[in-house]
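Peer 1: Sharing a structure, written as structure tokens. Questions coming.
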Amino acid sequence: MRPKPTHFIVALSFLMGIVTTIVAYQLRDDPPASLREEAPERPPPVEELRPPRVSAVPTASTAAVSDRAIVENLRARDLAIPVDGVDRDDLRNTFSEARGSRSHEALDIIAPRNTKVRAVEHGRIEKLFTSKAGGLTIYQFDPTEAFSYYYAHLDRYADGLREGQIVKRGDVIGYVGSTGNASPDAPHLHFAIFRLTPARQWWKGEAVNPHLVLR
């Protein structure tokens, strides 16, 4: 005897209910990737902000290093001895000698009157000046206009010498004398080197010891 269709439908509905219940529990325990809520990413760590390192304030020794660097710069140029007939071994360091209440800050090169004075390096005649102390003087700028070479107590200038004139190393620019406050019995060239300020004023600068440069 065949079962009635009603019984079959009831049984099928019961089985479908069981399957639906199982699927529902699986979805609750392990939802599909499309329905999962992804955990938010952890923000990157914030870098620690530290103040920049500040170099230490230069000590007094820095100035000495700078002075040595200046001297080496000038020595590398092989400056000429500015007075004819004078050897490097004849030079005497008079840079730190006292002149009244001040330091000399120059080199006195003893030579007979009218001995030729020559440009120590290529450059430009910046100023021809007569002063009470220096007498007849010449201020020559080097090619970079970083230094000024100062020639003082001259007896006279070379013929035709003028301000703005370009001179070469070894050119005659004047003659040894004793003008200014120099003793008439001791003609000599007062020779100085100055590192110019950024303003490049011919009368102002930082003295450099010529003896260290020329020796």
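The values are calculated or read from the model by the stated rules, or taken from the named source; none is laboratory data. Just so you know, these numbers come straight off a predicted model, no measurement behind them. Counting neighbours? That spans all protein chains shown, and the Cβs are built from the backbone with ideal geometry, glycine included.
Peer 1: Considering only residues that are in contact (Cβ under 8 Å) with a residue 40 or more places away in the chain and either surrounded by fewer than 19 Cβ atoms within 10 Å (Cβ to Cβ) or within 13 Å of His190 (Cα to Cα) (or both), which ones fall in segment 142-157?
Peer 2: Passing the criteria: Glu145, Ala146, Tyr149, Tyr150, Tyr151, Ala152, Asp155.
Peer 1: Right, here's the next one. What about Asp159, is it outside any strand (DSSP E or B), in the same structural domain as Lys116 (by TED's automatic domain parsing), over 37 Å from the mean Cα position of the chain (by Cα) and closer than 19 Å to Gly135 by Cβ?
Peer 2: yes
Peer 1: What tally of residues in segment 162-199 results from selecting those that are small (Gly, Ala, Ser) and either loosely packed, with under 13 Cβ neighbours inside 10 Å or within 37 Å of the chain's Cα centre (by Cα) (or both)? Give the steps one after another, and end with the answer.
Peer 2: Initial filter on segment 162-199 (small (Gly, Ala, Ser)): 164, 170, 174, 177-178, 180, 182-183, 186, 192, 199.
Next, from what is left, pick out any that are either loosely packed, with under 13 Cβ neighbours inside 10 Å or within 37 Å of the chain's Cα centre (by Cα) (or both): 164, 170, 174, 183, 186, 192, 199.
Of the residues in that region, 7 qualify.
Peer 1: Could you tell me how many of the residues in segment 186-206 are touching a residue at least 40 places away in the same chain (Cβ under 8 Å) and more than 19 Å from Pro143 (Cβ to Cβ)?
Peer 2: 6
Peer 1: Sort out which residues of segment 109-129 are buried (at least 19 other Cβ atoms within 10 Å of the Cβ) and in contact with a Ser or Thr (Cβ under 8 Å, 6 or more places away or on another chain), and write them in order of number.
Peer 2: The one that is buried (at least 19 other Cβ atoms within 10 Å of the Cβ) and in contact with a Ser or Thr (Cβ under 8 Å, 6 or more places away or on another chain): Glu126.
Quick grid of which residues meet (1) among the acidic types (Asp, Glu); (2) touching a strand residue (DSSP E or B) at 6+ places or on another chain (Cβ under 6 Å); (3) farther than 16 Å from Asp108 by Cβ:
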{"residue": "His153", "(1), (2), (3)": "no, yes, no"}
{"residue": "Arg169", "(1), (2), (3)": "no, no, yes"}
{"residue": "Arg195", "(1), (2), (3)": "no, yes, yes"}
{"residue": "Trp202", "(1), (2), (3)": "no, yes, yes"}
{"residue": "Glu206", "(1), (2), (3)": "yes, yes, yes"}
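Peer 1: Now for a different question. Restricting to segment 70-96, give me the number of residues that are under 31 Å from the mean Cα position of the chain (by Cα) and either among the acidic types (Asp, Glu) or within 24 Å of Leu196 (Cβ to Cβ) (or both).
Peer 2: Total satisfying the criteria: 17.
Peer 1: Of all residues in segment 167-200, how many are of a type in the set (S, T, N, Q) and closer than 15 Å to Ser131 by Cβ?
Peer 2: Of the residues in segment 167-200, 3 are of a type in the set (S, T, N, Q) and closer than 15 Å to Ser131 by Cβ.
Peer 1: Also, quick follow-up: Filter segment 143-156 down to the residues that are small (Gly, Ala, Ser) and not in a loop (DSSP other than H, G, I, E, B) and list them by number.
Peer 2: Initial filter on segment 143-156 (small (Gly, Ala, Ser)): 146, 148, 152.
Across segment 143-156, the qualifying residues are Ser148, Ala152.
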